[in-house]
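Here the structure is laid out as structure tokens; the discussion comes afterwards.
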Amino acid sequence: MRYQDTVKKIREKQNIDFKELRTLLDEKASKEDVQYLYAQAREVADEVYGKRVFKRGLIEFTNYCKNDCYYCGIRRSNACAERYRLDKDTILACCEKGYTLGYRTFVLQGGEDGYFTDERVCEIVSEIRQNYPDCAITLSIGEKSKESYQKYFDAGADRYLLRHETANAEHYAKLHPAELSLRNRKQCLYDLKDIGYQVGCGFMVGAPYQTIETLYEDLQFIKELEPQMVGIGPFIPQKETPFASEKAGTLERTLRLLAIIRLIHSNVLLPATTALGTIHENGRELGILAGANVVMPNLSPKDVREKYKLYDNKACVGDEAVEGDANLTFRIKQIGYDLVCDRGDFVVK
Ligand code: SAH
């Protein structure tokens with residue numbers, strides 16, 4: 001009963017200590033106990049958002065990147081990566097297609113690509129804003145100055161995704177080259193919040209050198225930052241990176257962490273990510289059943305999806321993409337949820 005009591009306790013206090021985290025992540029926990037954890041997380045999500053799942057159209061508009069993160073397939077040192085960038089008209093055409101399919105949030109994600117100057121980013125954002133006043137615009141283009149973030153915000157962006165990757169500085173240094181720091185990453189997140197963005201932090205589950213201790217720091221950071229969104233998914237090795245032969249994160253641990261995040265930060269918008277859909281065919285449904293309430297199908301043009309390979313075997317066709325919208329709606333219905341056409345904004349506590 002210790003496991004279920006711990007679940008109840010963290011739900012009540014909306015917080016977790018290190019020992020409780022260790023208990024909840026225990027690999028020897030019974031199936032029944034873990035199902036209890038998921039059920040509690042679902043209840044909390046249901047209390048805030050009902051049985052609704054929000055969809056975001058993901059547009060991966062450039063895979064050029066000036067950074068060299070050891071885990072990422074589009075790192076600058078990867079000479080095998082076939083680079084591409086989408087022009088404004090192509091990006092707008094993606095939005096058009098998404099809008100028709102009921103998408104009311106567009107997520108523009110990319111590497112840190114110098115071609116996309118603030119001026120170019122703002123031009124794209126303002127045009128989307130003009131064409132789709134009823135939609136949310138989310139950016140996920142890495143670390144910028146506060147002035148740049150402010151410009152994008154003024155041009156019409158409302159949300160920003162910037163995973164903190166790990167809240168432990170030594171761990172951060174094992175995943176990134178010296179020119180990148182946790183300090184700056186965190187500063188960016190605080191700047192974004194300060195400007196008024198809905199922000200998302202997050203991390204990869206099972207990233208090399210991750211421990212229960214570093215995960216505990218991740219959860220504490222979430223409590224401290226109070227982001228509106230948290231993106232977590234399993235780490236998946238990419239064969240052209242320094243972490244090619246590292247082990248992938250597991251489905252089980254990702255699901256438990258999704259549930260824990262829901263319990264300690266009840267109103268969070270929590271995606272069942274593409275990476276989760278990649279390691280298991282029902283990954284997204286299982287994520288929703290563990291407390292997630294967002295999915296982010298791929299809205300990029302078909303010919304570039306394969307090229308945005310952060311990790312190997314990325315699920316980006318069929319039901320993982322917007323073409324699978326009807327099917328995805330059906331699959332989500334099957335587990336008792338509604339995939340809705342809605343901006344899906346954060347509900348303030
Ligand atoms: N340049 C942007 C977008 C990064 S890609 C930024 O800096 O925020 C989005 C996320 O993909 C990253 O934050 C990282 O957590 C995740 N990612 C990168 N490589 C991965 C891998 N090999 N396995 C799983 N997720 C990965």
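Please treat every number below as a calculation from the coordinates, not as lab data. All values derive from a computational prediction rather than experimental measurement. Ideal geometry is used to build each Cβ from the backbone, glycine not excepted, and the neighbour counts take in all protein chains shown.
Scanning residues 5 or more positions from residue 202 or on other chains, those with amide H under 5 Å from its amide H are 164, 165, 231, with H placed 1.01 Å from N in the peptide plane. Bridge orientation summary for the chain: considering DSSP beta bridges with both residues in this region, about 5 percent are antiparallel. Quick note on region 1-74: its Rg to Rh ratio, both from C-alpha atoms and Rh being the Kirkwood radius, is 1.17.
For residue 250, the shell of other residues with beta-carbons less than 14 Å away shows a net charge of -1, using +1 for Lys and Arg and -1 for Asp and Glu. Over region 209-349, with a single point scatterer placed on each C-alpha, what log10 of the ratio I(q)/I(0) does the Debye formula yield at q = 0.19, 0.20 1/Å? So the normalised log intensities work out to -1.24, -1.33. Using the empirical formula 2.2 N^0.38 Å as the baseline, the Cα radius of gyration of region 153-256 reaches a ratio of 1.11.
The alpha carbon centroids of region 296-349 and region 95-163 are separated by 18 Å. Across region 20-339, C-alpha contacts under 8 Å between residues 6 or more apart give a mean separation that, scaled by the residue count, equals a relative contact order of 23 percent. Think of it as helices only: each DSSP H run of n ≥ 4 in the chain is worth -39500 (n - 2.57), and spread over all residues that comes to -13000 deg cm²/dmol at 222 nm. How big is the gap, in Å, between the Cα center of region 1-27 and the Cα center of region 211-242? Going from one Cα centre to the other spans 19 Å. In the chain, taking the dipole from charged Cβ atoms about the Cα centre, the farthest positive-side position among 86, 251, 72 is held by 251. Using a 4.7 Å Cβ-Cβ cutoff, the cysteines of the chain lacking any partner cysteine are 65, 80, 94, 95, 122, 135, 188, 201, 316, 341. Scattering from region 75-190 was approximated by placing one identical point on each alpha carbon and applying the Debye formula without solvent; log10 I(q)/I(0) at 0.12 1/Å stands at -0.50.
Each of 134, 118, 113 has some number of other Cβ atoms within 10 Å of its Cβ, and from fewest to most they run 134, 118, 113. Placing +1 on each Lys and Arg Cβ and -1 on each Asp and Glu Cβ, with no other charges, gives region 1-120 a dipole about its Cα centre of roughly 220 debye. The share of C-alpha pairs in region 20-339 whose separation exceeds 34 Å stands at 16 percent. Comparing 292, 167, 79 in a Gaussian network model of the chain where C-alpha atoms under 10 Å apart are linked, the largest mean-square fluctuation is found at 79. 3J(HN,Hα) along region 129-134: 4, 5, 6, 10, x, 8 Hz, from the Karplus curve 6.51 cos²θ - 1.76 cosθ + 1.60 with θ = phi - 60°, whole Hz, x for Gly and Pro. Computed from phi, the 3J(HN,Hα) profile of region 175-190 under the Karplus parametrisation 6.51, -1.76, 1.60 (θ = phi - 60°) reads 9, 9, x, 4, 6, 9, 9, 4, 4, 5, 4, 5, 4, 4, 4, 5 Hz, with x in place of Gly and Pro. Legend: distances between Cα atoms for 19/247; 31/349; 193/333; 97/186; pairs beyond 27 Å are 31/349; 193/333; 97/186.
Per-residue Cβ neighbour counts within 10 Å put 211, 105 in the sequence 211, 105, beginning with the fewest.
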